[in-house]
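Novice: Quick one: this structure, given as structure tokens, is what I'll be asking you about.
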Ligand code: GLC
């Protein structure tokens, strides 16, 4: 965390990986604040301050903040000077809560609450294009799972295709978003996914926003956030729940996606499954050794899905590797660890914690890991392994 720390004027943030990701990333910074809250609360506060510093007028916070521009990586004409035009999974309220919980610094809570409130209001008002109570994404990258097979359908790609092709389609969407003047209602004509994890994170974080508002004496806000949470909870049940699982939806008629990814386990963090449904999910899906319970942990895509790909090619740059189509990602382990504990599945949660630690011990701080061999893949000196500090 210290090696990846960057200071620009009065701002401080952490880069996910010095060579591959040399800027500030949205959900990474939420993870960083949580990790830092364990041993350096001042830096945790700084991480969130810099994250909200370049918020847009309408409340949007770009998924990348370009504090330094001399890098060649992801040098994209977004149309904005300091940030990208996309969002990332909305974990800000939870990160803020965790820093507050450690410090009990009410002034800091009040300071970051304002931009945080604007951010969630933006999501609730601008990203519910179908007016069904769900938040939608205009680009796969907004999910944080950039090339997950959940987005293949909307990108018109088969389950197996070159990473370059995937990236080209996503990049073309960046331009369409710009042409649409960043209005989701326009960009959604080209790409629209109401994704399970992002909506589960919304439910989880809206609940926290309501608690934070109450602590700050903002009773009306507390009520409004609670109401948003319940509307979204109900919408997920009505539109996404099918045969024991929450499924992401695509397009204007909300077609259910059937790809087998670990998205199905994320609603555990937001208490969206009943105890009985969760027990079924853990017994029949999560711990099935043919699909998700692989030797080194839970893969981003089930082993029996046609898109599953765990192999790192011996050529190419980090971004050309399988990414979200099979490998294990630490943040996902962290969500599952907390989700499973929430439902009392302590044995499975402990197994995930142990495997997470084993991966870092075997292969170091890498972006992701091969679920069959435990080999480290993708970026080097990647921060997410630090989340193990928060698995206790
Ligand atoms: C990759 C990941 C994304 C992450 C970013 C920076 O693009 O897919 O989730 O935020 O790297 O670490």
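Novice: At 7 Å along the Cα-to-beta-carbon direction for both residue 3 and residue 276, put a label point, then send me their distance in nm to one decimal.
Specialist: The modelled label-to-label distance comes out at 5.1 nm.
Novice: When the expected Rg is taken as 2.2 N^0.38 Å, what fraction or multiple of it is the alpha-carbon Rg of region 96-154?
Specialist: Cα-based Rg divided by the globular estimate yields 1.53.
Novice: By counting other Cβ atoms within 10 Å of each Cβ, how are 288, 195, 107 ranked from fewest to most? Before the final figure, lay out the partial values.
Specialist: Numbers: 288 15, 195 28, 107 8.
Sorted ascending by nearby Cβ count, the order is 107, 288, 195.
Novice: Can I ask one more? On full extension of the chain, what length is gained from residue 372 through residue 390, given 0.36 nm per residue of separation minus the C-alpha to C-alpha distance?
Specialist: Going from the current span to full extension adds 4.0 nm.
Novice: How many angstrom separate the Cα center of region 321-392 from the Cα center of region 147-175?
Specialist: The distance from the Cα centre of region 321-392 to that of region 147-175 comes to 25 Å.
Novice: Rank 375, 211, 101 by mean-square fluctuation in a GNM of the chain with C-alpha springs under 10 angstrom and give only the top-ranked residue.
Specialist: Looking only at 375, 211, 101, the biggest GNM fluctuation is shown by 101.
Novice: Compute the projected area of the convex hull of the Cα atoms of region 34-82, averaged over all viewing directions, and report it in nm² to one decimal place.
Specialist: On the way: hull surface 17.6 nm².
Mean orientational projected area (region 34-82, Cα hull): 4.4 nm².
Novice: Extending each Cα 7 Å along its Cβ direction at residue 253 and residue 347, get the distance between those two points in nm, one decimal.
Specialist: Taking the two extended label points, one gets 4.5 nm.
Novice: Based on other C-beta atoms within 10 Å, arrange 332, 60 from fewest to most.
Specialist: 60, 332
Novice: Hey, fewest Cβ within 10 Å first, where do 72, 291 land in order? Don't skip to the answer; put the middle values down first.
Specialist: Details: 72 6, 291 19.
With the fewest neighbours first, 72, 291 line up as 72, 291.
Novice: Let me ask you something else. Test of understanding: in a Gaussian network model of the chain with alpha carbons linked when under 10 Å, which of 65, 261, 238 would top the mean-square fluctuation ranking?
Specialist: Looking only at 65, 261, 238, the biggest GNM fluctuation is shown by 238.
Novice: Could you work out the relative contact order of the chain, using alpha carbon pairs under 8 angstrom and six or more residues apart, expressed as a whole percent?
Specialist: Numbers: 702 pairs, mean separation 57.6, N = 392.
Reported relative contact order: 15 percent.
Novice: Kirkwood hydrodynamic radius, the chain, all distinct C-alpha pairs: what's the number in Å?
Specialist: Hydrodynamic radius (Kirkwood, Cα pairs) of the chain is 21.0 Å.
Novice: Can you tell me how much longer the chain between residue 190 and residue 171 gets when fully stretched, taken as 0.36 nm per residue apart minus their C-alpha distance, in nm with one decimal?
Specialist: 5.6 nm
Novice: Say we join alpha carbon atoms closer than 10 Å with springs in a Gaussian network model of the chain; which of 125, 20, 148 then has the biggest fluctuation?
Specialist: 125
Novice: Sticking with this one: Give the peptides 293-299, 24-30 in descending order of average Cβ contacts within 10 Å, highest first.
Specialist: For the peptides 293-299, 24-30, the packing ranking is 24-30, 293-299.
Novice: May I ask you to derive the FRET efficiency for residue 283 and residue 69 from their Cβ-Cβ distance with R0 = 51 Å, giving the value to the nearest 0.05?
Specialist: 0.50
Novice: Here's something else I'd like to know. Above 29 angstrom, tally the Cα pairs of region 175-330 and express them as a % of all pairs, no decimals.
Specialist: That fraction is 33 percent.
Novice: Region 1-130: percent of C-alpha pairs farther apart than 22 Å?
Specialist: 33 percent
Novice: To the nearest 0.05, what FRET efficiency results for residue 311 and residue 215 with a Förster distance of 56 Å applied to their C-beta separation?
Specialist: FRET efficiency, residue 311 to residue 215: 0.70.
Novice: Taking R0 as 41 Å, what's the FRET efficiency between residue 40 and residue 178 from their Cβ-Cβ distance, rounded to 0.05?
Specialist: E(calc), rounded to 0.05, equals 0.60.
Novice: At what distance in nm do the modelled label points of residue 57 and residue 76 sit from each other, each positioned 7 Å from its Cα along Cα→Cβ?
Specialist: That separation, rounded to one decimal, is 2.3 nm.
No lab work stands behind these numbers, since they all come straight from the coordinates. Note that the structure is predicted; figures quoted are calculated from it, not measured. So basically every Cβ, Gly included, is an ideal-geometry build from the backbone, and we count neighbours across all protein chains shown.
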